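This report concerns only the one structure given below.
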Amino acid sequence: MKFDKERFLPLLLTGIIILVDQCSKSFIAARWPIGTINPPITDVFNNDFLRIIHVRNKVIAFSLGHNLPDNIRPVLFIILPLLVLAILLWYYFRSDDFTGAQRWATAGILGGGIGNIIDRIFRPEGVVDFIDVKFYGLLGFERWPTFNVADSSVVVCCLLLFATVLFSARKQKVRQPNE
């Protein structure tokens with residue numbers, strides 16, 4: 001396969017997300033004891049909206065999988081995500097269906113996914129989460145479950161990917177003549 005700037009350039013975002021994610025997690029892990037809110041940054045905006053707290057997550061979003069046996073978790077939380085990311089990366093390079101925006105969104109998903117897999121492999125205490133935001137009782141959450149840079153990247157980029165797919169599908173539908 002020859003070098004294709006349109007395919008490789010977005011992967012810079014993947015690397016940047018992994019780097020920022022791992023550096024931020026290392027910073028938190030080195031300076032905050034697990035389960036504590038650091039007093040100087042207890043309340044970032046002085047209104048209880050954003051706090052920095054060090055927690056570890058051995059399961060996935062919203063504590064899904066906490067009842068699973070310990071020998072099943074690596075398969076579901078490391079091997080399966082690695083397989084999904086490998087398939088996504090394979091499709092990313094093999095397909096001409098992606099728009100530029102979809103490639104950047106996919107690169108962000110890859111970066112976030114890899115960032116959390118790195119934690120699952122190299123941090124036996126669990127994935128480092130540290131961003132804690134007030135959610136004002138929406139969806140039953142007074143505070144949103146604590147998250148990290150990788151989580152943010154996956155969620156934001158999945159939403160962007162979904163929006164671009166939806167937008168391009170509508171655009172395609174408008175271009176097709178009525179039968």
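The values are calculated or read from the model by the stated rules, or taken from the named source; none is laboratory data. The model shown is predicted, which means the values in this text are computed figures rather than measured ones. Quick reminder, even Gly has a Cβ in these numbers, built from the backbone with ideal geometry, and neighbours come from all protein chains shown.
Taking the stretch 112-129, which residues are within 29 Å of N47 (Cα to Cα) and either in a helix (DSSP H, G or I) or at pLDDT below 90 (or both)?
If the condition is that a residue be within 29 Å of N47 (Cα to Cα) and either in a helix (DSSP H, G or I) or at pLDDT below 90 (or both), then G112 is the only one that fits.
Pick from the stretch 100-138 the residues that are among the hydrophobic types (A, V, I, L, M, F, W, C) and under 20 Å from V75 (Cβ atoms): which of them is nearest to the chain's Cα centre (by Cα)?
Top of the filtered list is I114.
I'm told N148 meets every condition in (1) touching a helix residue (DSSP H, G or I) at 6+ places or on another chain (Cβ under 7 Å); (2) among the polar types (S, T, N, Q); (3) modelled with pLDDT under 95 except one. Can you identify the failing condition by its number?
(3)
State yes or no: is D132 surrounded by 15 or more Cβ atoms within 10 Å (Cβ to Cβ), closer than 22 Å to R31 by Cβ and either among the basic types (K, R) or modelled with pLDDT under 95 (or both)?
So D132 passes the test.
Select, from G100, G137, the only residue that is exposed (fewer than 13 other Cβ atoms within 10 Å of the Cβ) and farther than 30 Å from V165 by Cα.
G137
Out of L68, L76, I need the residue that is over 18 Å from the mean Cα position of the chain (by Cα) and modelled with pLDDT of 80 or more. Which one?
L68
Looking at the stretch 17-65 only, could you name the residues that are in a loop (DSSP other than H, G, I, E, B) and either modelled with pLDDT under 80 or of a type in the set (S, T, N, Q) (or both)?
T36, N38, T42, D43, V44, F45, N46, N47, D48, G65
Out of the residues in the stretch 139-152 that are closer than 18 Å to F27 by Cβ and in a loop (DSSP other than H, G, I, E, B), which is nearest to the chain's Cα centre (by Cα)?
N148
In this structure, does I87 turn out to be surrounded by fewer than 20 Cβ atoms within 10 Å (Cβ to Cβ), at pLDDT 90 or above, of a type outside the set (D, E) and farther than 21 Å from L19 by Cα?
Yes; evaluated as a whole, the condition is true for this residue.
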